[in-house]
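Here's the structure, in structure tokens; my notes come after.
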Amino acid sequence: MPLPNILSNLNSLIALGKNMDSIIIIGAGAAGLMAAYELSKHNKNIILLEAKNRLGGRIHTVYDPAFSQHLETGAEFIHGNLPLTFCLLKEAGIPYHTISGKMVHLKKEKNKVVKDDENDNWDEAMDEMKNLKADMPLKNFLDTFFNDDKYKALRSSVKNFAGGFDLADITTASTKSLYREWKEEWGDQYRVDGGYKLLIDYLEKQCKKNGCIINTNCCAKKISWQKNEVNIITMCSRFFKGNKLVVTVPVSVLQKNNKSEDYIEFAPAIPEHINAAKNIGFGTVIKIFLEFEESFWSKKTNDAAFIITEENISTWWTQLPVKNNLLIGWVGGEKAISLKDNTNEEILGLALQSLANTFQINIDLIKTKLKASKVSNWWKEPDINGGYSFNTIKSVDAKKVLEKPVENTIFFSGEALYQEVPIGTVEAALASGKKTAQQVLKIIK
Ligand SMILES: Cc1cc2nc3c(=O)[nH]c(=O)nc-3n(C[C@H](O)[C@H](O)[C@H](O)COP(=O)(O)OP(=O)(O)OC[C@H]3O[C@@H](n4cnc5c(N)ncnc54)[C@H](O)[C@@H]3O)c2cc1C
């Protein structure tokens, strides 16, 4: 609805939060819910606005009866012993399990698909990254230090990893930041039994118990503000008033211009913060869920947790230690961008063909074994438009700007603001939400 119509429809506006301490939070993903949870422990007047009809944002566990188990269409793994995530799981009594199995690399050799050893030049690349004096985009780094023909396989492997795992655009991604991520020995990886949504349900329950008001289908469109006062108008003409505002939308939303449906207007404008948001990278990802009648891959890769191939849809994983017939395909970074406008049917076709090539099985046979399928293309997800953030060479400074509140009234939070490793994770979002809540509380005091 255009803004003039919204403004003329003032009768339907709802005014809330007249107390001095009322805090509005935009976005009910992990960061927004964590901020609300922390703030509401101190009896503040909290209103959460979420554009979608569900909470969780990029945590989106789907319980689809066509599949034999729930699907994590967004976040799935706990990447190591991450303190805040584990603390919350423990507090909520939510069980989790360690994933098992190997990483198997498969490549084509003389018309046969064989197991491949990982590229052994990786250590050399890591050493060079470690000793790098001035930061530079990953592409420049590879062109400068690994341009020789003998490094062709290494270059391709590093690019694929940065794009596939970190969703990074190598022409802007910070080499130093990728090194910080990659040098971490994450150790064990985990999955939440029953799905990450249980964590969101727990946070929602605690927030409501502490008196938070949570509004779904409430997409913030215009934020008029002055020191200690914010007035928000939503897409469906609702009006919210508060004294402090915490914005936890993905940086991809802050990067939009006024022609985009997802654009949020700040009046007066806050160019320093919006320009900073534009200096944080944001990649995209497509996840493909395929459940078959039998696990035909286990003949070749019996103990594989992850299967890395040279196909169009190159990365796959199983549910080990849970044994079932579900395979999950993953396309990130540049490859995901090249497929972003394809239909789900086209992506499904590519996925099946990739598996047929990898396991040298006739595509028609594979199709007959397919019981259920689902494609999650995060580029097309409204109010998110992608997967998660990566650091460009300008991100360190950008995060410092975004961490400074605007006139002690508007605060920014979310996974992309996290300054430690691993960024782009649920842990990053929870930690950022908690830190922002502490910042707000300090100022209110
Ligand atoms: C496919 C995929 C796989 C992933 N895998 C993992 C993984 O295995 N492990 C891991 O730790 N992390 C993973 N992540 C990353 C993790 O999900 C995110 O880092 C984290 O959930 C982000 O939380 P957040 O609160 O910062 O943002 P979000 O979850 O995006 O929350 C922001 C919320 O703001 C809402 N919003 C946007 N605009 C408006 C508006 N105008 N008004 C009101 N609300 C608005 C959005 O709808 C959204 O709900 C994955 C992400 C994706 C997409």
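Where a number appears in this text, it was derived from the coordinates with a stated rule and is not lab data. Just so you know, these numbers come straight off a predicted model, no measurement behind them. Using ideal geometry, Cβ is built from the backbone for each residue, glycine included, and neighbour counts are taken over all protein chains shown.
Numbers for the structure displayed
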{"quantity": "Order of 96, 37 - criterion: other Cβ atoms within 10 Å of each residue's Cβ, fewest first", "calculated": "96, 37"}
{"quantity": "Calculated P(r) tail over 23 Å for the stretch 20-164, as whole % of Cα pairs", "calculated": "63 percent"}
{"quantity": "Selected from 265, 346, 72 as most flexible by GNM, with the chain as the system and alpha-carbon contacts under 10 Å", "calculated": "346"}
{"quantity": "Exceeding the 26 Å Cα-Cα cut-off - candidates 176/404; 102/299; 150/287; 41/197", "calculated": "150/287"}
{"quantity": "Under the span-like rule (Cα at least 30 Å along the axis, Kyte-Doolittle mean at least -1.0), DSSP H helices of the chain", "calculated": "none"}
{"quantity": "Point-to-point label distance, residue 116-residue 68, nm (Cα→Cβ direction, 7 Å offset)", "calculated": "3.1 nm"}
{"quantity": "Segment residue 216-residue 341, extension gain: residue separation times 0.36 nm, minus the distance between their alpha carbons", "calculated": "42.2 nm"}
{"quantity": "For the stretch 172-227, alpha-carbon Rg relative to the globular expectation (2.2 N^0.38 Å, N residues)", "calculated": "1.90"}
{"quantity": "Residues 127, 135, sorted so that the one with the fewest Cβ neighbours within 10 Å comes first", "calculated": "127, 135"}
{"quantity": "Compactness relative to 2.2 N^0.38 Å, alpha carbon Rg of the stretch 325-445", "calculated": "1.51"}
{"quantity": "Peptide ranges 44-56, 207-219, 382-394 listed from the most packed, as the mean C-beta count within 10 angstrom indicates", "calculated": "382-394, 44-56, 207-219"}
{"quantity": "Label-to-label distance, nm, for residues given as residue 400 and residue 150 (7 Å Cα→Cβ offset)", "calculated": "4.1 nm"}
{"quantity": "Proxy reagent accessibility, fewest Cβ within 10 Å first, across 378, 122, 317", "calculated": "122, 317, 378"}
{"quantity": "Label-reachable residues, the stretch 87-117, where backbone N falls under 14 Å from a point 7 Å from residue 189's Cα toward its Cβ", "calculated": "97-105"}
{"quantity": "Binned Cα-Cα distances of the stretch 315-367, short to long, each 5 Å bin given as a whole percent", "calculated": "4, 17, 23, 25, 18, 10, 2"}
{"quantity": "Most fluctuating residue given options 134, 75, 416, as computed from a GNM of the chain linking Cα atoms under 10 Å", "calculated": "134"}
{"quantity": "Fraction of antiparallel bridges per DSSP, the chain only, in percent to nearest 5", "calculated": "70 percent"}
{"quantity": "All-pairs alpha carbon distance profile, the stretch 125-180, 5 Å steps from 0, percent", "calculated": "4, 21, 35, 27, 12, 1"}
{"quantity": "Choice from 167, 71, 430 with maximal GNM fluctuation in the chain (Cα, 10 Å cutoff)", "calculated": "71"}
{"quantity": "Rg and Dmax [Cα atoms of the chain; Å; Rg one decimal, Dmax integer]", "calculated": "22.8, 73"}
{"quantity": "Pairs beyond 21 Å (Cα-Cα), from 152/300; 159/335; 222/278", "calculated": "152/300"}
{"quantity": "Rotationally averaged projected area of the stretch 146-293 (alpha carbon convex hull; nm²)", "calculated": "15.5 nm²"}
